[in-house]
Amino acid sequence: MSVNNPNLLIAASGTGGHLFPALAVAQQLPDYHILWLGVPHRLETSLVPQSYPLFTVDIDGFQTSFGIKTIFVMLKMIKAIAKTYKVIKSRKIDIVFTTGGYIAAPAIIGAKLAKIPVILHESNYIPGKVTKLLGGWCDIVGIGFTGTTKYLPKVKTQWVSTPVREEFLSPQSLDLNIPDNVPLIIAMGGSQGAVALNKLVRQSAPHLVKTGAYIVHLTGKQDDEMGTFQNDRYLEMPFYDNMAGLLQRANIAISRSGAGTLTELAITKTPSILIPYPFAAEDHQFYNGQEFVNGEASLLFRQDKLTSDLLTTTVLDLLNNPEKLTDMGEKAGNLALGDSAKILARIIQESYIATLNHL
């Protein structure tokens with residue numbers, strides 16, 4: 001066990017919602033030797049190696065129905081657990097931190113077998129399968145929403161919000177040609193299922209730009225209709241790197257309701273119209289978004305109930321009511337903690353120190 005420079009295994013894979021919070025926590029632990037556990041061909045293979053050594057295990061998510069594929073998934077999981085345990089022992093890992101998803105399973109079980117502490121962060125309101133199944137094996141589960149604790153009755157939980165990237169915590173400037181004194185609408189569908197949201201936004205755009213508003217529409221890569229509407233006040237692009245600056249400048253965001261995105265909206269105090277991704281596991285985006293509706297920070301529409309006319313009317317009503325927008329933004333700010341990454345880093349440090357004291 002390394003007293004001065006502990007060895008930390010971080011297990012985070014797949015999407016920005018899992019990876020960016022984990023990276024934010026890692027940045028708060030500069031004295032730790034960090035090893036990253038991921039899955040081949042996922043986002044971490046391009047994001048992580050520039051900062052931390054990455055090793056991968058080949059696993060798949062569990063399906064809801066039992067079948068032949070389930071047996072192969074289980075065999076892969078057993079191999080992944082064995083490989084992770086071997087790495088924990090050979091690299092003398094002192095503590096494990098994971099942001100959930102199916103990569104968390106071999107990390108948690110490997111830590112349990114090695115008898116070292118494991119900390120889990122669950123960002124969604126409805127906990128994922130692994131969190132429900134293995135949360136009780138963790139020393140503590142940090143939760144992104146206060147209400148999540150009721151789904152984990154026998155688990156030690158602490159509300160820590162969800163970490164955001166460092167740039168969201170300080171003012172950022174934009175390199176886009178948008179005047180300072182005009183309303184700015186941000187539309188972002190995320191990497192999954194953006195096409196239906198993009199269609200609604202594009203149908204509303206001609207009516208919205210007539211009012212003098214500007215729209216920045218982040219379409220994602222899978223949009224065949226990109227370029228079909230063009231206007232000087234409508235800026236369309238697959239992605240934009242400076243999301244912090246964009247949200248800080250925005251008057252309204254039209255967005256999915258993944259936990260990471262919601263936290264960014266809260267930190268930047270951006271009022272939002274939420275359209276949950278309808279095929280998210282256990283409909284978790286709806287429940288995430290509902291917490292922002294309850295907090296009076298957002299309006300929410302089911303995708304199949306929302307028309308372009310209703311979206312246009314809703315946006316215009318909000319733009320014509322700046323006091324309501326200001327109030328929504330302030331209330332959004334109450335729904336997240338800017339120091340979430342620091343809190344989780346402190347929990348990791350305290351768990352490690354507690355382990356040392358038991359030796």
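Could you look through the range 14-38, keep only residues that are assigned to a loop (DSSP other than H, G, I, E, B) and modelled with pLDDT under 95, and pick out the one that is nearest to L337 (Cα to Cα)?
Only one residue fits best here, namely T15.
Could you check, for the range 313-333, whether at least one of its residues is touching a residue at least 24 places away in the same chain (Cβ under 8 Å) and touching an Asp or Glu at 6+ places or on another chain (Cβ under 6 Å)?
Scanning the range 313-333, I find at least one residue that is touching a residue at least 24 places away in the same chain (Cβ under 8 Å) and touching an Asp or Glu at 6+ places or on another chain (Cβ under 6 Å), so the answer is yes.
Wholly within the range 234-281, which strands (runs of 3 or more DSSP E) include no fewer than the required count, namely at least 2 residues that are in the same structural domain as V195 (by TED's automatic domain parsing), crowded, with 19+ Cβ neighbours inside 10 Å and in contact with a Leu (Cβ under 7 Å, 6 or more places away or on another chain)?
On the way: elements: 234-237, 252-255, 272-274.
Where strands (runs of 3 or more DSSP E) fall fully within the range 234-281 and carry at least 2 residues being in the same structural domain as V195 (by TED's automatic domain parsing), crowded, with 19+ Cβ neighbours inside 10 Å and in contact with a Leu (Cβ under 7 Å, 6 or more places away or on another chain), they are 252-255, 272-274.
Of these, Y85, Y52, Y125, which one is in contact with a helix residue (DSSP H, G or I) (Cβ under 6 Å, 6 or more places away or on another chain), at pLDDT 95 or above and part of a loop (DSSP other than H, G, I, E, B)? Let's see the steps before the verdict.
On the way: Y85 fails: part of a loop (DSSP other than H, G, I, E, B); Y52 fails: in contact with a helix residue (DSSP H, G or I) (Cβ under 6 Å, 6 or more places away or on another chain).
Matching residue, one of Y85, Y52, Y125: Y125.
May I ask you to say which residue of K76, K89, K69 is under 19 Å from I119 (Cα atoms) and either loosely packed, with under 14 Cβ neighbours inside 10 Å or among the charged types (D, E, K, R) (or both)? Before you say what the answer is, go through the steps one by one.
Numbers: K76 fails: under 19 Å from I119 (Cα atoms); K69 fails: under 19 Å from I119 (Cα atoms).
Residue meeting the stated conditions: K89.
Does the range 267-286 contain any residue that is touching a Pro at 6+ places or on another chain (Cβ under 7 Å), touching a residue at least 24 places away in the same chain (Cβ under 8 Å), within 21 Å of S173 (Cα to Cα) and of a type in the set (V, I, T)?
No, the range 267-286 has no match at all.
Touching a Ser or Thr at 6+ places or on another chain (Cβ under 7 Å) and more than 29 Å from A354 (Cβ to Cβ), is that true of P21?
Working: touching a Ser or Thr at 6+ places or on another chain (Cβ under 7 Å): yes; more than 29 Å from A354 (Cβ to Cβ): no.
So P21 does not fit the description; no.
Only one of K221, K199 is part of a helix (DSSP H, G or I) and at pLDDT below 95; which? Reasoning before the result, please.
On the way: K221 fails: part of a helix (DSSP H, G or I).
Of the residues listed, the single one that is part of a helix (DSSP H, G or I) and at pLDDT below 95 is K199.
If you check P163, P171, which single one turns out to be surrounded by fewer than 14 Cβ atoms within 10 Å (Cβ to Cβ), of a type outside the set (A, V, I, L, M) and not in a helix (DSSP H, G or I)?
Working: P163 fails: surrounded by fewer than 14 Cβ atoms within 10 Å (Cβ to Cβ).
Exactly one of P163, P171 is surrounded by fewer than 14 Cβ atoms within 10 Å (Cβ to Cβ), of a type outside the set (A, V, I, L, M) and not in a helix (DSSP H, G or I), namely P171.
Are any residues in the range 185-215 surrounded by fewer than 22 Cβ atoms within 10 Å (Cβ to Cβ), of a type in the set (A, V, I, L, M) and more than 14 Å from Q303 (Cβ to Cβ), and if so, which ones?
V209, A213, listed by residue number.
Please work out if D317 is within 18 Å of L184 (Cβ to Cβ) and among the acidic types (D, E). Please lay out each step first, then the result.
Numbers: within 18 Å of L184 (Cβ to Cβ): yes; among the acidic types (D, E): yes.
Spelling it out, D317 is indeed within 18 Å of L184 (Cβ to Cβ) and among the acidic types (D, E).
Given the structure, is R302 in the same structural domain as H121 (by TED's automatic domain parsing) and at pLDDT 95 or above? Walk me through it before giving the result.
Details: in the same structural domain as H121 (by TED's automatic domain parsing): no; at pLDDT 95 or above: yes.
Against the criterion (in the same structural domain as H121 (by TED's automatic domain parsing) and at pLDDT 95 or above), R302 does not qualify.
Which one of these does I93 not meet: (1) part of a helix (DSSP H, G or I); (2) in contact (Cβ under 8 Å) with a residue 60 or more places away in the chain?
I93 satisfies all of (1) part of a helix (DSSP H, G or I); (2) in contact (Cβ under 8 Å) with a residue 60 or more places away in the chain except (1).
Of all residues in the range 117-160, count the ones that are closer than 30 Å to A244 by Cα and either among the aromatic types (F, W, Y) or in the same structural domain as G295 (by TED's automatic domain parsing) (or both).
Selection size over the range 117-160: 3.
Within the range 306-314, is there a residue that is buried (at least 19 other Cβ atoms within 10 Å of the Cβ), touching a Lys or Arg at 6+ places or on another chain (Cβ under 7 Å) and not in a loop (DSSP other than H, G, I, E, B)?
No, the range 306-314 contains no residue that is buried (at least 19 other Cβ atoms within 10 Å of the Cβ), touching a Lys or Arg at 6+ places or on another chain (Cβ under 7 Å) and not in a loop (DSSP other than H, G, I, E, B).
The values are calculated or read from the model by the stated rules, or taken from the named source; none is laboratory data. Only a predicted model underlies this, so the values are computations on that prediction, with no experimental measurement involved. Note that we place each Cβ from the backbone using ideal geometry, even for glycine, and neighbour counts take in every protein chain shown.
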